[in-house]
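These notes concern the structure reproduced below.
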Amino acid sequence: MRIGILFALLLFAGAAQAQDVSWQTYTDTTRGFSMSYPPGWKVDPNFVDKGYRFHQGDTDDVRDGVAVTPGGDLAPGSTLQSDQLVLAVERARPADLCVAKGFLLDPPPDYFTQTLLDTPQAAQTVAEAGDLYSIEHIVVMASRTPCIAVQYTIVTARPQQGDAKPSKPFDRQALIGLLNHIAATVKPL
């Protein structure tokens, strides 16, 4: 899995892919960036990502940004939970270090969370949220000045024994390719 994400990040770091003319552009002058996204996707300019410590009373464990989400199921009948898929663009807070893992929030302590990648430019974790779902977070730095990161949250259903009709795996490489394509359009103003 680590080789796959490194390959995907190399695609992201390379030349920006040509943007489809049907894509829409969102500009956020407050946070200082613009981005493009595919038709049918929705923009939430008031996205708030809250970590475990926030729910315990720590107001520092929260990040705000702009999220784009698919308007429908990207992989019907698969393990991908499209309704929980988020690509969020976040700007570093004043005291934050401008490194990828600085954009990750704390997971609940009862989640088994594994760090798969931790470099200044990119971070990846996978958490097992009970026995039903896996939650993957991928953070890729989009800009150092201003410090802007793009975070993908990918939730997948875990196979269950005894399922009469088990869900098929989704095309992870295609999904990461699409998310990287969107992320490559994030530009500081």
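The values are calculated or read from the model by the stated rules, or taken from the named source; none is laboratory data. In this text the structure is predicted, and so the values were computed from the model without any measurement. For neighbour counting, all protein chains shown are included, and Cβ atoms are generated from backbone atoms with ideal geometry for every residue, glycine included. For accessibility, only protein heavy atoms count, side chains too; no ligands or nucleic acids. Shrake-Rupley method; radii C 1.70, N 1.55, O 1.52, S 1.80 Å.
For the stretch 168-189, how many residues are in a helix (DSSP H, G or I) and open to solvent by less than 20 Å² (accessible area, probe 1.4 Å)? Please lay out each step first, then the result.
Step one: filter the stretch 168-189 for residues in a helix (DSSP H, G or I), giving 172-183.
Subsequent filtering for residues that are open to solvent by less than 20 Å² (accessible area, probe 1.4 Å) retains 175-176, 179-180, 182-183.
Result for the stretch 168-189: 6.
Please verify whether the stretch 154-167 includes one or more residues that are open to solvent by 20 Å² or more (accessible area, probe 1.4 Å), part of a loop (DSSP other than H, G, I, E, B), within 22 Å of Pro188 (Cβ to Cβ) and in contact (Cβ under 8 Å) with a residue 12 or more places away in the chain. Outline the logic, then answer.
Restricting attention to the stretch 154-167, the residues satisfying the condition of being open to solvent by 20 Å² or more (accessible area, probe 1.4 Å) are 156-167.
Still in the list and also part of a loop (DSSP other than H, G, I, E, B): 158-167.
From what's left, within 22 Å of Pro188 (Cβ to Cβ): none.
No, the stretch 154-167 has no match at all.
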Point to revise | Cross-chain or 6+ apart pairs with Cβ under 7 Å, the stretch 59-76 first and more than 20 Å from Ala184 (Cα to Cα) and free of Cβ contacts under 8 Å to residues at least 60 places away in the same chain, then among the charged types (D, E, K, R) and assigned to a loop (DSSP other than H, G, I, E, B) | key: Asp61/Asp106
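Residues of the stretch 119-133 being more than 20 Å from Leu80 (Cα to Cα) and under 15 Å from the mean Cα position of the chain (by Cα), which ones? Even if it seems obvious, please write down each step before you answer.
Initial filter on the stretch 119-133 (more than 20 Å from Leu80 (Cα to Cα)): 119-123.
Gln121, Ala122, Ala123, listed by residue number.
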Review point. Restricting attention to the stretch 86-124, and to residues there that are touching a Phe, Trp or Tyr at 6+ places or on another chain (Cβ under 8 Å) and over 23 Å from Thr145 (Cβ atoms), which single residue is modelled with the highest pLDDT?
Key: Val86
